[in-house]
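Any read-out appearing in this document is the output of simple, stated calculations on the displayed coordinates, not a laboratory observation. Quantities reported herein were computed from a predicted structural model and do not represent experimental measurements. Reconstructed Cβ throughout: ideal geometry from the backbone, glycine too, with neighbour counts over all protein chains shown.
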Amino acid sequence: MMPPVFRFAPSPNGHLHLGHAYSALLNFDRARETGGRLLLRIEDIDATRCRPEFEAAIYEDLAWLGIDWETPVRRQSEHLADYRAALEKLSALGLVYPAFESRAEIARLVAACKADGPWPRDPDGAPLYPGEAKSLPASERSRLIVSGAPYALRLDMAVACQRVAGLTWNELGEGPDGERGMVAARPEAWGDVILARKETPTSYHLSVVVDDALQGVSEIVRGQDLFHATSVHRLLQALLDLPEPAYRHHALIRGADGRKLSKSDCSTGLRELRAAGVSPAGIRRSVGLG
């Protein structure tokens, strides 16, 4: 029997805070308890926000916490061909279409739709994409692409859900409303999610499922803020014939105001806490692992 595989996958777009420490330590502890492996993945597909100095700081902070991980580290920016191949497979199934509206144009479309009543929102609170681009003739889509117009590649959620129904996942942790055990996936709640953009051949949803499959991750330990996104990930796994990992969502470490921690909040940043004399053991105690 193969040992379980865990991963911690931060984005180098800021310094790590207590919430990251909690998730990283949970993965590290689970790997030790189960005789498993811990991988570190750098999710750096956002070239405008990710910076080398933040990546270097991630390694420094994790090592200071006493966390070991396997090498080499997978950096998403070095594996764009993997995501492109997955996108092409979905396209071949007729599940992907280009949408050319800007964010401002989408907001105007949603506002117009609201005239007929409330417009649905996804689990994160964003309004669903109205789906106007699906009505464009193929010739017009080709003309816009050739003209250099910016676009996003979206998943046709209705057609995708027709192909694979009744999806579930094994929740070893707990969802925001206490969900445990076999949880029914509801990817339709997200609408036509973005899978890639003109300038970037992947999105978080697409790259995370491809990475987890290629790296053999068997148990995903992450925050409850990603609990509902698991529905989209299970759908993509089914469409791409990828293995299904188990999931263990954990409660979030929140600030004094009750909000999810931000990388811009220096009061909870690991570098600032270390400079103030807090020890790795102190970090463990502060997140409830001491």
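Computed about its Cα centre, the charge dipole of the chain is approximately 200 debye, with only Lys, Arg, Asp and Glu carrying charge at their Cβ. Each label was represented as a point 7 Å from its Cα along the Cα-to-Cβ direction; for E188 and L226 these points are 2.7 nm apart.
A Förster distance of 35 Å, applied to the separation of the beta-carbon atoms of E53 and A104, puts the FRET efficiency at 0.60.
Computed over the chain, the percent of Cα pairs more than 24 Å apart is 56. The smallest convex shape that holds all Cα atoms of segment 59-173, its convex hull, gives 232 Å³ per residue. Summed over qualifying helices (DSSP H, 4 residues or more, each -39500 (n - 2.57)) and divided by its residue number, the chain shows a 222 nm mean residue ellipticity of -10500 deg cm²/dmol. Here r is the Cβ-Cβ distance between K89 and A149 and R0 is 22 Å; the resulting FRET efficiency, rounded to 0.05, is 0.35. In plain terms, the residue of L172, L26, L235 with the fewest other Cβ atoms within 10 Å comes first and the most crowded comes last, giving L172, L26, L235. The residues V5, V164, when put in order of fewest to most other Cβ atoms within 10 Å, stand as V164, V5.
Beta bridges from DSSP with both residues in the chain: antiparallel share about 55 percent, rounded to the nearest 5.
Note on N13 and V159: the model spin-label points, each 7 Å out from Cα along the C-beta direction, lie 2.9 nm apart.
Taking a sphere under 9 Å around the Cβ of A246 and counting the other residues whose Cβ falls inside, with K and R at +1 and D and E at -1, yields a net charge of -2.
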